[in-house]
Each structure stands twice: as structure tokens, then as C-alpha cells.
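The values are calculated or read from the model by the stated rules, or taken from the named source; none is laboratory data. As the structure is a computational prediction, the values presented were derived from the model and not from experiment. In this analysis, Cβ positions are derived from the backbone assuming ideal geometry, glycine residues included, and neighbour counts consider all displayed protein chains.
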Amino acid sequence: MLKGFKDFIVRGNVIDLAVAFVVGVAFTAVVTSIVQNIFNPLVAALFKSDSLDDSLILTIGDAQLKFGAVLGAIITFLIVAAVVYFIFVLPLNKMKEHAEARRKAGVVKEHAPATEIDVLTEIRDLLAKNNMRQ
């Protein structure tokens, strides 16, 4: 029972997820600081308001529609999405493309980790071999 738990914890996906979570939390603090300390003062100067949350407010009776707060959330989302794409997704996609090109050209290092395609091909071949025996 403990061996199964240990195997689960040590599995690469769990560790990758934990690292991603920690980096995400730290990154959120950076993005929040950028929005609060750069974008909010800029918008405040444009709209003569204390912050983005206090600007672009439409009051209807007792209700307040805070379009500035929504705009701040959209700006935060776009910053996060841009950084994730340009820092993580794009470089990883380029690495995968180069690895795939090398694999197709037959230039694979002996100690290179197997790709998903390699593993799936091996499984297919083993299944086909077992089906021929039966």
C-alpha cells in the first residue's frame, strides 16, 4: 500500500504539477504587482481615479457596475496568458519540433528519452506480436 503511494508521489506528473503550482502562485504575485503598481496608476491618471477598480463605475440606483475592475482582471489575464505562452508554451513547442525533426531524420541520441510516439509504436508492435502467437 505504501509502495503504491510512493510510486504515485514520485511519478513525474505529480512533481511537475507541484512545481507548476508553486511557480504559478509566485507568478500571480508578480502580475498582481504589475497591475496594481503600473496599470492602476496609469488608468487612475487617465480617469482621475485612485485605481482601476475605482474608475469606469456606472451607478444605477443603489447598484454599481465596476467596469474598471473587470478591465483590471482582463489586463491581468492577458499578461498571464502572454507570459505563459512566450516563456513556457512556445519554447517547449520549438523543442518538440526539433526533437521530432531529429527523430524523423534518424538522428536520435542513444540516451535520449523515448517520446510518446516511440512508446506507442513499441506497444503496438508488442500487441501485434502477441496476437500472432495466439
*Please go through region 84-118 and pick out each residue that is in a helix (DSSP H, G or I), at pLDDT 80 or above and over 30 Å from V23 (Cα atoms).*
A101, R102, R103, K104
*Restricting to helices (runs of 4 or more DSSP H) lying wholly in region 1-82: which have 2 or more residues that are more than 26 Å from the chain's Cα centre (by Cα) and in contact (Cβ under 8 Å) with a residue 12 or more places away in the chain?*
40-47
*Those residues of region 53-66 which are surrounded by 10 or more Cβ atoms within 10 Å (Cβ to Cβ) and either of a type in the set (V, I, T) or within 15 Å of F77 (Cα to Cα) (or both), in sequence order*: I57
